[in-house]
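Worksheet: the structure to be examined is printed underneath.
Every read-out reported here was derived from the displayed coordinates using simple, explicitly stated rules and does not represent laboratory data. No experiment lies behind these values; they were computed from the predicted model shown. Every residue, glycine among them, receives a Cβ derived from its backbone with ideal geometry; neighbour counts consider all protein chains shown.
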Amino acid sequence: MNPSSNRRVFIIQAAVATGTLAGVCAAQAQAMLSETDAQAAALGYKADASKVDKAKYAKYAAGQVCGNCAVFIGKATDPAGGCSIFAGKQVASKGWCNAYVKKG
């Protein structure tokens, strides 16, 4: 087999592998985090930050939402995005949890 043929096979295999991986990641990213999920409940996650129990979570302050948190994966303007804390799940960008860390 000549070298250019080996390169061609490699490029095709790499493209297929990349496409498969992207599909798996996209499928995982589609699952929304439920407030009743054990880890979400433990961290006081609310899909709507205005519904946070302010007496229980004194750390909460107005304006803190997932969209402007350092561990949010996505744009602040997106309705939902990934989260480093809740791997494989999306969180609402207007949500909040006790792991909030101001971006920046």
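A few points about this structure:
- Database remark: amide H of residue 73 closer than 5 angstrom to the amide H of 82, 83, 84 (H placed geometrically; neighbours at sequence offset of 5 or more, or on other chains; Pro and chain starts carry no H).
- Karplus (6.51, -1.76, 1.60) ³J(HN,Hα), θ = phi - 60°, over region 86-94, in Hz, Gly and Pro reported as x: 10, 4, x, 10, 9, 10, 5, 5, 9
- Computed extension length for residue 77-residue 38: 11.3 nm, one decimal, from 0.36 nm per residue of separation with the Cα-Cα distance subtracted.
- In terms of surrounding Cβ atoms within a 10 Å radius of their Cβ, 11, 85, 73 rank from fewest to most as 11, 73, 85.
- Residues whose amide H lies under 5 Å from that of residue 32, counting only those 5 or more places away or on a different chain, are 90; hydrogens are built 1.01 Å from N in the peptide plane.
- Once both labels are positioned 7 Å from their Cα atoms along Cα-to-Cβ, the gap between residue 84 and residue 48 label points is 3.0 nm.
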